[in-house]
Structures are given as structure tokens and as C-alpha cells.
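Everything on this sheet refers to the single structure shown next.
The values are calculated or read from the model by the stated rules, or taken from the named source; none is laboratory data. Keep in mind the model is a prediction, meaning the values are calculated, not measured. No Cβ is skipped: glycine too gets one built from the backbone with ideal geometry, and neighbour counts run over all protein chains shown. Please note that ligands, DNA and RNA were not included when accessible areas were found on the heavy atoms of the full protein model with its side chains. Shrake-Rupley method; radii C 1.70, N 1.55, O 1.52, S 1.80 Å.
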Amino acid sequence: MTTEYDLLLKSPQWFEKRKIILERDNNKCRWCGSTKGLQVHHRQYHVIKRTGTKQSPWKYENKYLITLCEKCHSAGHEKYKIPSFLI
């Protein structure tokens, strides 16, 4: 099932933000150095108090985003709970 958030990750705004983060991280996974299957991971989620919805993925400060390969991204989600903060 595709969620509204999944649709936001297909938007031009997210593609532009993703490009910035990938370039900042030299198009490499920050954990293992791989250049294959790169994804941009949110280190934390921001939930808008008024609506209870997640902040648009491209509105995060760059410090909350990191480049990971698909394998490290999956492993990180299994090992760590991503904190959510009300904004």
C-alpha cells in the first residue's frame, strides 16, 4: 500500500533535496562506503502538532539527513528506533 508520505518521496522537491545530500556525502554510504543502491535516510522524524502528520521530507535541515546504501539503511531501521519530535 502506498502512503501519502511515500508519494512525497517521489516529488520533485524530495529529488532536489536528495541530490544535495548525496553530493554532500560524495555519493557514498556514510556507514560502509558503498556507492550502490544509495538512499537518503532521515535521522529523526518531525511530526506537526496541529495535524499529526510527518513534516514533508524535503523540509528537514540537512543535518538530519544521511546517505546510506539500501543494506545499511535496512539494518539501521532494524537496529535503531528513529525518534519522532513534535514541531
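Here are a few things to note about the model shown:
- Looking across Lys10, Lys28, one residue alone is surrounded by 12 or more Cβ atoms within 10 Å (Cβ to Cβ), part of a loop (DSSP other than H, G, I, E, B) and not hydrophobic (A, V, I, L, M, F, W, C). It is Lys28.
- So Trp58, is it within 15 Å of the chain's Cα centre (by Cα), part of a helix (DSSP H, G or I) and either exposed (fewer than 15 other Cβ atoms within 10 Å of the Cβ) or touching a residue at least 24 places away in the same chain (Cβ under 8 Å) (or both): yes
- Qualifying positions in the stretch 53-87 - farther than 24 Å from Glu23 by Cα and either charged (D, E, K, R) or in contact with a strand residue (DSSP E or B) (Cβ under 9 Å, 6 or more places away or on another chain) (or both): Thr53, Lys54, Glu78, Lys79, Lys81, Pro83, Ser84, Phe85, Leu86, Ile87
- Selection count where residues are open to solvent by less than 40 Å² (accessible area, probe 1.4 Å) and assigned to a strand (DSSP E or B), scope the stretch 61-87: 5
- When residues of the stretch 61-87 are limited to those that are in contact with a helix residue (DSSP H, G or I) (Cβ under 8 Å, 6 or more places away or on another chain) and of a type outside the set (A, V, I, L, M), the one nearest to Asn26 (Cα to Cα): Thr67
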